[in-house]
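The structure appears right after this line, and notes come after that.
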Amino acid sequence: MARELDELLKQSSEWLRGTGPLSEIVLSSRIRLARNLERLPFIVRSTRASMQEVLDTVKSAVSKVVTLKRAFWFDMSALTEVDRQFLVERHLISREQAGSPEHRAVVLSQSEAISVMVNEEDHLRIQVLQSGLNLRDAWTLGDTLDDELSELLPFAYSTDLGYLTCCPTNTGTGMRASVMLHLPSLVMTKQINKVLHTITKLGLAARGFYGEGTEASGNFFQISNQVTLGRNEEELIENIERILKQVIEYEQGARASLMANNRTQLEDRVWRALGILRHARTISSQETLDLLSAVRLGVDLGLMNGLDRSAVNELFLFSQPSHLQKLEGKNLSAKDRDVVRAELIRQKLGIQGKDGKGK
């Protein structure tokens, strides 16, 4: 199992490829489907025995699903805390799944485009991730997998309400469509609060880098639908795409305004950020996210040569605490992580060696 996780360490995640429609603003698109098995209690009322029955039933079904051929199965209780946080950092499991590992598991496709959490808030949380604004492709893949699983698993379903879920807000389609947006210019021009307030009034939720319960970091915001009951999947996707189009246009307008009216200050900000990243000897996770956000904006606006979006995106991931510890092959204190992080960033951005002059 550890070897399979180490294989993931050799690649970047699907959502960080830096490709797909509008990928200069839209980091990733995600479709998540909540499903429960008939005749078994929801997780909030489950016993160890019923949770184990869910695990055994789902594991047997997964082995027969074409879309999940050669997928990895990880029992959460068999993973170390660092390994579980590693999966959280890659957006493959939730913080809740990592924090309560007993009788829980996750199924991962080799490309990391698909993850299926077992015994999280619901018996199954089917997730599909795509780079850029790709909700429809994500939905197509998720729908295919859902159909395959439904032939093997008896999902809890009501003809009046739709799919039955632990949280009433997910009842109906059981679908959450979300996108991760990079909105540095709206933050810099102090328009972000107005935009987020409007999003909320229109029925969407705005969350941080790791979803529900997290604050925005690195100017990243996760936008998703809040209600699934009474609407079909096509309507939900159309609604979020329509609102996202406006948010993207606001960010594009803010970027154009900064380039036209404050170009020198903008260039100074992004180049200072790159300078710190290239020469720092110790740096925290939060400072790294903030500085990489500025550098990514500079790359996307064509202010920097020699860097591409995927390379910057990769640093967002590999500079995270558990990734650093996996790369080093040992547990590290927060202080040691800050030193290792700075060294990794210097290497990736072309400044190597302890004296900063190259090897």
- [ ] For every other residue with a beta carbon closer than 14 angstrom to the beta carbon of LEU153, add +1 if it is Lys or Arg and -1 if Asp or Glu, then tell me the sum.
- [x] -3
Task: Those GluC sites (Glu not before Pro) in region 1-102 that DSSP places in a loop and that have at most 16 other beta carbons within 10 Å - done: GLU38, GLU102
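What does the highest-first list of 103-111, 228-236, 115-123 look like by mean Cβ count within 10 Å?
115-123, 103-111, 228-236
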Task: Over the chain: helical MRE at 222 nm, DSSP H runs n ≥ 4 each giving -39500 (n - 2.57), nearest 500 - done: -14500 deg cm²/dmol
Task: In degrees, nearest ten, helix 48-62 long axis to first principal axis of the chain (Cα) - done: 80
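Which length gain, in nm to one decimal place, applies between LEU161 and ASP143 when the Cα-Cα distance is subtracted from 0.36 nm times their residue separation?
Contour length minus the Cα-Cα distance gives 4.6 nm.
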Open item on the list: Can you tell me the orientation of helix 192-201 relative to the chain, as the angle in degrees between its alpha-carbon axis and the longest Cα principal axis, to the nearest 10?
Closed with: 20
Open item on the list: How high is the relative contact order of region 38-112? Use alpha-carbon pairs under 8 Å, at least six apart in sequence, and give a whole percent.
Closed with: 37
TODO: Would you please put 168-178, 334-344 in order of how densely packed they are, using the mean number of other Cβ atoms within 10 angstrom per residue and starting with the highest?
DONE: 168-178, 334-344
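Can you tell me which of 247-256, 57-66 comes out highest on packing, and rank the rest after it, using the mean Cβ neighbours within 10 Å?
Sorting 247-256, 57-66 by mean packing, highest first, produces 247-256, 57-66.
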- [ ] Give LYS194/LYS245; LYS69/LYS326; LYS10/LYS326 a once-over and call out the pairs whose C-alpha atoms are over 21 Å from each other.
- [x] LYS69/LYS326
- [ ] Mind checking which of ALA206, SER185, LEU153 is farthest towards the positive end of region 145-209's charge dipole, using Cβ charges of +1 (Lys, Arg) and -1 (Asp, Glu) about the Cα centre?
- [x] SER185
Open item on the list: I'd like the Kirkwood hydrodynamic radius of region 44-144, using the inverse of the mean 1/r over distinct C-alpha pairs, in Å.
Closed with: 14.0
Task: Per residue convex hull volume, Cα atoms of region 263-348, in Å³ - done: 77
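Computed from the coordinates by the stated procedures, all read-outs in this text should not be read as laboratory data. Small disclaimer: the values here were computed from a predicted structure and weren't measured. Every residue, glycine among them, receives a Cβ derived from its backbone with ideal geometry; neighbour counts consider all protein chains shown.
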